Amino acid sequence: MVSALDNTRMVSAQYALKNLRSSDDSSQDEQSSSVASILSSYGLDSSSASLLSNQALSGLLDTLSAKGDTSDEANATGDSAEVTSASFMSMLKKQLQDAAAAEGESGKAHDMLAALEAGTLAISDPTQGVSITAWDVDDPDEANTDSKTGKAIDVSGWSDFLDAHLERGAGGTFVKQNGSYVDQTNNSNAYFGLIGSNYYYLSWPQAAA
């Protein structure tokens, strides 16, 4: 059942999506502020909203405004085979390297990149029902790897998946520790965001105390 709050969020996301696609009068800052507000209402980190392109923002708002719709069209985020391919892993590593360079000496992207190279970075897409451990395409042992078989997970919408994995604080936003979400199912660090043109959930072990 969709609650009154969820219904309000869906309507807000739909209006924000409409304005983002059709308005030429709003500035980019105003659009980003509107989207950041929508992300915050869902408990998601809004700090990167201004860094996303209009196409990326539209994609996320499409996902949020379609919450509760179980049709294939509403839940689709791309070909389910992509996340299991070497081309995806190459794109992922390049994106993490670029993000790590922008961070400086340390940060979340550095941690995810280290996990990727160590073989401990897991990627999940519940809309396609697949999870896989990322691999380093530059590892000589993976030179001839074109794809790997992912693990089947329950198919669900992003809202249900995130609620099952992340803890919400008193204000309704997902709890962070040291800059990362914490997966309450296995106490690993977690990230939800755009990889390429689709959205994925990434998790990796917390650093030893």
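The values are calculated or read from the model by the stated rules, or taken from the named source; none is laboratory data. As the structure is a computational prediction, the values presented were derived from the model and not from experiment. Here the Cβ positions follow ideal geometry from the backbone for every residue, glycine too, while neighbour counts run over all protein chains shown. Note: accessible area is taken over every heavy atom of the protein model, side chains too, but ligands, DNA and RNA are not part of it. Shrake-Rupley method; radii C 1.70, N 1.55, O 1.52, S 1.80 Å.
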Determine the order of Leu194, Leu162 by accessible area, beginning with the largest, at a probe radius of 1.4 Å.
-> Leu194, Leu162
Which FRET efficiency, nearest 0.05, do Glu142 and Arg168 yield, Cβ-Cβ r, R0 41 Å?
-> 0.60
Model label zone, Thr133; criterion: amide N under 15 Å from point 7 Å along Cα-to-beta-carbon; scope the stretch 165-209 | 203-206
State log₁₀ I(q)/I(0) for the stretch 86-209 at q = 0.10, 0.14 Å⁻¹ as given by the Debye formula over alpha-carbon point scatterers of equal weight, solvent excluded.
-> -0.31, -0.62
Two-decimal Rg/Rh of the stretch 129-185 from alpha-carbon positions, Kirkwood Rh?
-> 1.13
Points 7 angstrom from Cα along the Cβ direction at Thr149 and Glu103: gap in nanometres?
-> 3.3
5 angstrom amide H check on Ile195, placed H, neighbours 5+ away = Tyr200
